[in-house]
Amino acid sequence: ALETARANRRRLKLRNVRFARGSLLAPLPRRLTSKVAVVVANVPYVPPRLADAFKAAFPEGTAIGPGEDGLDLVRELASGAREYLIRGGFLVLQLAGFQWTTLAAELLALGYAAPELQEQSGNAPVVGRVAWPS
């Protein structure tokens, strides 16, 4: 993933993008507390019960999320991102469309605003963003 991201940074000629290897937000330095405007993530989220249907579509370990509903990593990220996001900052996530209802309630309970979702196209994943209140 880092190799692809670095190649994209070169291709797009971006200079203000840095990468760090680690689990979720662990690589972020403490000095970024309350200073990050956007956290974008595409962590594994597919429920384990659908593993057979996705086996051929994705490399092993990249799509099937932990937990009964596949959202345990997403929950961990959403919880941890609150510490780093500025007021009015955004958490941007990709999930299956049917997962957003469940996660939306949990995000509200964590203090985020209601998710704003892209229009869904068939069974395609749905990208949504949630704001950390300003």
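Restricting attention to region 66-81, report how many residues are assigned to a helix (DSSP H, G or I), of a type outside the set (Asp, Glu) and open to solvent by 10 Å² or more (accessible area, probe 1.4 Å).
The qualifying residues number 4.
Does Tyr84 fit the bill of being of a type outside the set (Asp, Glu), within 16 Å of Leu25 (Cβ to Cβ) and either open to solvent by 20 Å² or more (accessible area, probe 1.4 Å) or touching a Phe, Trp or Tyr at 6+ places or on another chain (Cβ under 8 Å) (or both)? Considered against the rule, which asks whether it is of a type outside the set (Asp, Glu), within 16 Å of Leu25 (Cβ to Cβ) and either open to solvent by 20 Å² or more (accessible area, probe 1.4 Å) or touching a Phe, Trp or Tyr at 6+ places or on another chain (Cβ under 8 Å) (or both), Tyr84 comes out as no.
When the residues of region 102-134 are filtered to those that are in a strand (DSSP E or B) and not aliphatic (A, V, I, L, M), the one that is nearest to Ala53 (Cα to Cα) is Gly128. Exactly one residue out of Ala1, Ala41, Ala63 is under 15 Å from the mean Cα position of the chain (by Cα) and open to solvent by 70 Å² or more (accessible area, probe 1.4 Å), and it is Ala1.
The values are calculated or read from the model by the stated rules, or taken from the named source; none is laboratory data. Everything quoted here is computed from the prediction, not taken from an experiment. Positions of Cβ are backbone-derived with ideal geometry, glycine not excepted, and every protein chain shown enters the neighbour counts. With ligands, DNA and RNA removed, areas are computed over all heavy atoms of the protein, side chains included. Shrake-Rupley method; radii C 1.70, N 1.55, O 1.52, S 1.80 Å.
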